[in-house]
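Engineer: One structure follows; several queries about it will come next.
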Ligand SMILES: *Cc1c(COP(=O)(O)O)cnc(C)c1O
């Protein structure tokens, strides 16, 4: 008798239920399918959840980052200081506007932008500091905020990993990621591997009203409603004031987002549970993982990243990666540091050695499956597979379903993000 086929585990995936599907169908049956009432309701709901005054939703997290940089005043020739250990979209937001991404290295203990490194990268051209809460662990925002205040810079949090993340400020208060207590704007993504999904989608959160109109018009070709030329009454009048884009999200996507948001607390609890189990199990194997950020676990655990012990080479990482995939455990690597991508090497002359902490991390990094619908049995399956593969024992029989789905179609779409 052959055992029942096992599904290969991806590193992340959405969790949709019948309620989510029903709410999308309802939106599709309404009079509006794009830019109807649900966009505003979703913006308000997410902003309220995070503790920000305003939210403006976009077609993707990437579009939201691009818009946030625009609203912060990033233009041709400017510089944006950010981390090399991120998805390429973070740095590209600056590039789209003709600005240069300037990378500062990360801290080895958190893999987040090192405030000490930021200062050395600030020049008279710097406009924005763009930190990323890597894998969901909040950055040291007070330090970053302080540098920005002294240098007259804007801070935009790339919070695409960190919806639900929290940290404690020095006055003893819990600060929610997205509340923008120590930044100008925070950006979320609703890609299916993130905490909640709208298929594709993103949002900029902020507290200052001055960003509202630039963000909204950037989403809609830079067009602004106006009273008409030279004060003439033209009730139909609208004028394109800036070069904007079609970065709109649809009403039925926002219906999905609203439904998903009601489950966010449950999703976060499960992510934290799995992360705790992983941490316990992997400590004994000498696998490094990020700190949980204080007793309250403010880590939002978008990704569970580990680093192999120093005595394991980069070749060993490849062997372990391949062996785990053979066993149907969808490991990944987040991320090749941005300055080492061919485009960034050509255009901005990035090279190996520029950011040694991020690069050293990358050489021995692995991302393990982590998503809220994982069953206890699946969590155990990952832990057992990692133990076995780390011990270097030959892999056991490949589950039938895994060998049938290879080579790798099942993984293609989850390649980052
Ligand atoms: C997912 C992600 C983005 C981009 O979001 P999309 O919605 O996929 O466009 C940007 N930055 C980081 C760090 C991300 O993880």
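Engineer: Given the chain, what percent of its DSSP beta bridges are antiparallel, to the nearest 5?
Structural biologist: Just about 65 percent of them are antiparallel.
Engineer: Residue 347 to residue 210: extension gain in nm, 0.36 nm per residue of separation minus the Cα-Cα distance?
Structural biologist: 46.0 nm
Engineer: Return one number: the angle in degrees, 0 to 90 and rounded to the nearest 10, between the long axis of the Cα atoms of helix 251-261 and the longest principal axis of the Cα atoms of the chain.
Structural biologist: 50
Engineer: Give me the extension gain from residue 388 to residue 315: residue separation times 0.36 nm, minus the current Cα-Cα distance, reported in nm with one decimal.
Structural biologist: Gain on extension, residue 388 to residue 315, equals 24.5 nm.
Engineer: From a point 7 Å beyond the Cα of residue 242 in the direction of its Cβ, which residues of the stretch 192-219 have a backbone N at a distance under 20 Å?
Structural biologist: Once the point is set 7 Å along Cα→Cβ of residue 242, 202-219 turn out to lie under 20 Å by backbone N, inside the stretch 192-219.
Engineer: When only alpha-carbon atoms are used, what values of Rg and Dmax, in angstrom, describe the stretch 18-261?
Structural biologist: My reading of the Cα-based Rg and Dmax gives 18.3, 61 Å.
Engineer: Continuing with the same structure: Report the rotationally averaged projected area of the stretch 264-390 based on its alpha-carbon convex hull, in square nanometres. Walk me through the intermediate numbers first.
Structural biologist: Numbers: hull surface 36.7 nm².
Mean projected area for the stretch 264-390: 9.2 nm², to one decimal.
Engineer: Also, I was wondering about something else. Place the peptides 363-371, 195-203 in order of packing, highest mean first, counting for every residue the other Cβ atoms within 10 Å and averaging per peptide.
Structural biologist: 195-203, 363-371
Engineer: Another question, if that's okay. So how far, in whole Å, is the C-alpha centre of the stretch 299-315 from the one of the stretch 132-160?
Structural biologist: 24
Engineer: Rounded to the nearest 0.05, what FRET efficiency do residue 363 and residue 142 have when you use their Cβ-Cβ distance and R0 = 30 Å? Mind dumping the intermediate values first?
Structural biologist: Working: r = 31 Å, r/R0 = 1.03.
That gives a FRET efficiency of 0.45.
Engineer: Taking every pair of distinct Cα atoms and averaging 1/r, then inverting, what Kirkwood hydrodynamic radius in Å comes out for the stretch 109-206?
Structural biologist: By the Kirkwood definition, the hydrodynamic radius is 13.8 Å.
Engineer: With only alpha-carbon pairs counted, each pair once and no self-pairs, how large is the Kirkwood hydrodynamic radius of the stretch 155-210 in angstroms?
Structural biologist: 11.9
Engineer: Next question. At 222 nm, what value in deg cm²/dmol follows for the chain if DSSP H runs of at least 4 each add -39500 (n - 2.57) and the sum is divided by all its residues, to the nearest 500?
Structural biologist: -11000 deg cm²/dmol
Engineer: Over all distinct Cα pairs, what is the inverse of the mean 1/r for the chain, reported as the Kirkwood hydrodynamic radius in Å?
Structural biologist: When all Cα pairs of the chain are included, the Kirkwood radius is 22.4 Å.
Laboratory data are not the source of any read-out in this text; all were calculated from the coordinates shown. These figures come from a predicted structure and were not determined experimentally. Here Cβ is always computed from backbone atoms with ideal geometry, including for glycine, and neighbour counts include all displayed protein chains.
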